[in-house]
Amino acid sequence: MFYRKQSVIAFALITYLTMLFPSRFVKANPSSEDPHKPLVLHDKQYDKLHENAARIYSTELKRLAEFSELHQVDRLRVNQGTMRKLGQANIELIQLKWLALRLQYVGEPAGFDFEKRYVALKKQLDPIIVYMRKHPDAQAVIAKIKTAFGRNSKRRMQDALQIQERVNAEQWEEAETHLHKSVLSIRVGSCFLNPGDQDKILLPYGKAESAITQTLEKRRRDAANAQLLQRLAAMEPKFQDLLDNLADAQEQIKTTGTARIAGKEWTGPDFMGYIAEQWREVQLRSHRWRGLEWARCFVVNDPVTPELVDFRKKQTAFSRGIVKAIAGIIAADAARATEANAAVLYEKYLPAVAPLVAESRGNELLTDCEQALAGFTEKSPSLANDVHYYQIGTSELIRWRERAATAAMTSRASEFQQLGRLLRNSMGRTDDFRGFASGAQGRDVASLVMSGPETMLAINERMLQQNATVGPIVLTKKSSFGQYQARTYTTQSILKPTPKFILNSVKRDLMINEDNAPYSLAGAAAYHRATKGGPTAIFGKLEQAYLEALITRFVKLPDSAWEISPLGQLPQEYVGSPAVQSNTSTGAKPESLQQMIVRFSIQPQWVQYGPMVISIDELQAATQ
């Protein structure tokens, strides 16, 4: 009989709890080329759940596409074989939802997307099942299903009592496995009955199901929270340790002119390299730590955990403190300098501090360090004279270059929108589009309202082949990327360092030649950006897009990508309203799992270096 056969099939399907499936489903995020790939995990220990969910989604996506096509053209065969396949699809989707929730309980954004995919597939399946339920040719099979359920009512009562006994004995995992087996064996056939009849059949299991669901959700969240706390402790940024080292170095340099830190003797200028290395590590850890804490926010059901609030305070204090500490070390060295060595130390500090100023892209470090460097000019009238005339000759040109760079970008704004703005304009909610991105209340948000595949298909339609601009561009040994802004960042073909003819222009403006290096910190920072940094901006056409979870992107940030944001700066992100925090009376919940980033690959058409914008063809010709 149909019902019994499907019970056997359902029992076999329960092996999803223990089986491993091919890993080909989990190698990449949704992309323009393959929108249906799942979001990747940030914790590999949940690979099994993830692979099972990906397998079910892939199988049912294909199956339901075929059924939907037949249904639309009125060629769907109404017989026991078709109903058997639809019943199997129904219980597979139930399993997909269970797996999606399991992944959410442990703070995996892929679980949120899988639930959205479940909803999308159910919207395809349910109308077909309703069609079958009402079709005259299906009534004979439905009658047999009803008869089988009526005959087995006592057996279900006994089955429900056995599950309840496991609940009473607190054998929660065993109770869940038993319950899932029973529910699937029922729902494979009961889906063709009226909703009221389905509820009556499942009624004996209601009490046990509620207890099992609530208890195991709490246990799984608690276990995940404990593991996340361990991971967070291991990756915590060493804010205070670095500040303490800098304070120690300042005292030593003030006394002896050198500092012994981390087992090595440093001069003040050399110590700037150590600071840069350690600051970048803190930056990388900060990105990763905050991303993982966002996952924990969902696990503990608190939009803004006390730990996240404390992190924000520490990170803000650190960002201010390290600027003061760097300037303090320079000032300490300047205080003990003499007229004889002031110029030598000044000249060593400029290229040592310039990378920090360039990478932080802010004025606070530049201003504080310039004030500290003034301590050297106070010791040497000749140095003061040289610095004064160099600043007269270059400061206005440096400011002009900055203004011209801004003007060059603005002049192309009508043709090339800033990428984050383009995302908001193209993917915002409208009367006929459910939306994805917004910039309400001054914050950029990109949240999964639809499933990942539906979102990617909308991005393909609404954004690809459009013109956009992004910058600044960061060059690494193996790649180049546009810094993260407004829930977007880019990758593009590797761009070579500044072309020689542009670099020569920079040298002229900064009065640099074989005998003369930059003689102000602003000039040294500008020269460092020109020689070591990437383009100010690129203008091009969007070719591909990749959907990434906000949490996962930052938790799995590669070591080389610490500069995804300027040094010392963390992007402000919305993951849940701090006004309600964990106040359950408001019904507010964390929104961290659904927060997304879109990575675009962009084909450059124009490249900007400071005030100069050149075509990609000119750039390639100049760097051959």
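Can you give the FRET efficiency to the nearest 0.05 for ALA234 and ARG320, using r as the Cβ-Cβ distance and R₀ = 30 Å? Spell out each step's value before the answer.
Working: r = 26 Å, r/R0 = 0.87.
Calculated value: 0.70.
Explain nothing, just the number: dipole magnitude of the range 182-269 about its Cα centre with +1 on each Lys and Arg Cβ and -1 on each Asp and Glu Cβ, in debye rounded to the nearest 20.
Working: 12 positive and 11 negative charges, 62 e Å.
Around 300 debye, computed over the range 182-269.
State to the nearest 20 debye the size of the charge dipole of the chain about its Cα centre, where the only charges are +1 on K and R beta carbons and -1 on D and E beta carbons.
Charge dipole of the chain: 2800 debye, to the nearest 20.
Does the range 240-279 come out rounded, prolate or oblate by the C-alpha gyration tensor, with a ≥ b ≥ c the root eigenvalues, rounded set by a/c under 1.5 and, if not, prolate when a/b is larger than b/c and oblate if not? Oblate, since a/c reaches 1.5 and b/c is not below a/b.
Toward the positive end of the charge dipole of the chain, with +1 on the Cβ of Lys and Arg and -1 on the Cβ of Asp and Glu, the farthest Cα among SER380, GLY107, VAL119 is that of VAL119.
Relative contact order for the range 160-231: 39 percent, from Cα pairs under 8 Å spaced at least 6 residues apart, divided by residue count. For the pair VAL344 and ALA28, the difference between a 0.36 nm per residue extended length and the Cα-Cα distance amounts to 108.5 nm. Across the options MET450, PHE436, ILE392, the greatest Cα extent toward the positive end of the charge dipole of the range 310-464 (unit charges at beta carbon of Lys, Arg, Asp, Glu) belongs to MET450.
As a length-normalised measure over Cα pairs under 8 Å and 6 or more apart, the relative contact order of the chain settles at 17 percent.
Any chance you could run the full-extension gain for LYS207 through GLN603? It's 0.36 nm times the residue separation minus the Cα-Cα distance, nm to one decimal. It would help to have the intermediate numbers written out before the result.
Values: separation 396, 0.36 × 396 = 142.56 nm, distance 5.81 nm.
The span from LYS207 to GLN603 would gain 136.7 nm if fully extended.
Ranked by the mean number of other Cβ atoms within 10 Å of their residues, highest first, the peptides 270-276, 614-620, 470-476, 229-235 come out as 470-476, 270-276, 614-620, 229-235. Restricting the range 238-312 to trypsin sites (Lys or Arg not before Pro) that sit in a DSSP loop and have at most 16 other Cβ atoms within 10 Å of their own Cβ leaves LYS238.
Projected label points at THR367 and ARG443, each 7 Å from Cα along the beta carbon direction, are separated by 2.8 nanometres. Under 18 Å from a label point set 7 Å out along the Cα-to-Cβ vector of GLU461, the amide N atoms of the range 421-441 belong to 423-437. Under the convention that each Lys and Arg Cβ holds +1 and each Asp and Glu Cβ holds -1, the size of the dipole of the range 78-120 around its Cα centre is about 180 debye. Modelled spin labels at GLU170 and GLN569, positioned 7 Å past Cα toward Cβ, are 5.3 nm from each other. For the chain, DSSP calls about 85 percent of its internal beta bridges antiparallel.
On full extension of the chain, what length is gained from THR430 through GLU66, given 0.36 nm per residue of separation minus the C-alpha to C-alpha distance?
Working: separation 364, 0.36 × 364 = 131.04 nm, distance 3.09 nm.
Full-extension gain reported as 128.0 nm.
Modelled spin-label separation between GLU265 and GLU217, with each label point placed 7 Å from Cα along the Cα-to-Cβ direction: 6.4 nm.
Only helical runs count toward this figure. For the chain, summing -39,500 (n - 2.57) over DSSP H runs of n ≥ 4 and dividing by all residues gives -20500 deg cm²/dmol at 222 nm. Protein heavy-atom surface of the chain, 1.4 angstrom probe: 50% of the accessible area is carbon and sulfur, with nucleic acids and ligands not counted.
With contacts defined as alpha carbon pairs under 8 Å and 6 or more residues apart, what's the relative contact order of the range 231-355 in percent? Don't jump to the answer; show the numbers that get you there.
Details: 94 pairs, mean separation 49.1, N = 125.
Relative contact order here is 39 percent.
Amide H to amide H, with H built 1.01 Å from N, TYR609 comes under 5 Å of THR536, ILE614, counting only residues 5 or more places away or on other chains.
Measuring between their Cα centroids, the range 371-409 and the range 133-202 lie 80 Å from each other.
Where only protein heavy atoms count, and the probe is 1.4 Å, what is the accessible area per residue for the chain in Å²?
On the way: 28610 Å² over 624 residues.
Per residue, the chain has an accessible area of 46 Å².
A dipole drawn for the chain from +1 and -1 charges on Cβ atoms has a positive end, and of HIS42, ASN513, ALA234 the residue lying farthest that way is HIS42.
Helices assigned as whole DSSP H runs in the chain whose Cα atoms extend at least 20 Å along their own long axis and whose mean Kyte-Doolittle hydropathy is 1.6 or higher are not found. If both residues of a DSSP beta bridge must be in the range 397-556, then about 90% of such bridges are antiparallel.
Pairwise over distinct Cα atoms, reciprocal of the mean inverse distance: report the Kirkwood radius of the range 46-172 in Å, one decimal place. Kindly include the intermediate steps, with their values, before the conclusion.
Working: mean 1/r = 0.0597 Å⁻¹.
One over the average 1/r among Cα pairs gives 16.8 Å for the range 46-172.
The values are calculated or read from the model by the stated rules, or taken from the named source; none is laboratory data. Bear in mind that the values here come from a model prediction, so they are computed numbers and not experimental data. When we count neighbours, we look across all protein chains shown, and the Cβ atoms used for this are built from the backbone with ideal geometry, even at glycine. These accessible areas exclude ligands, DNA and RNA; they are computed on the full protein's heavy atoms, side chains included. Shrake-Rupley method; radii C 1.70, N 1.55, O 1.52, S 1.80 Å.
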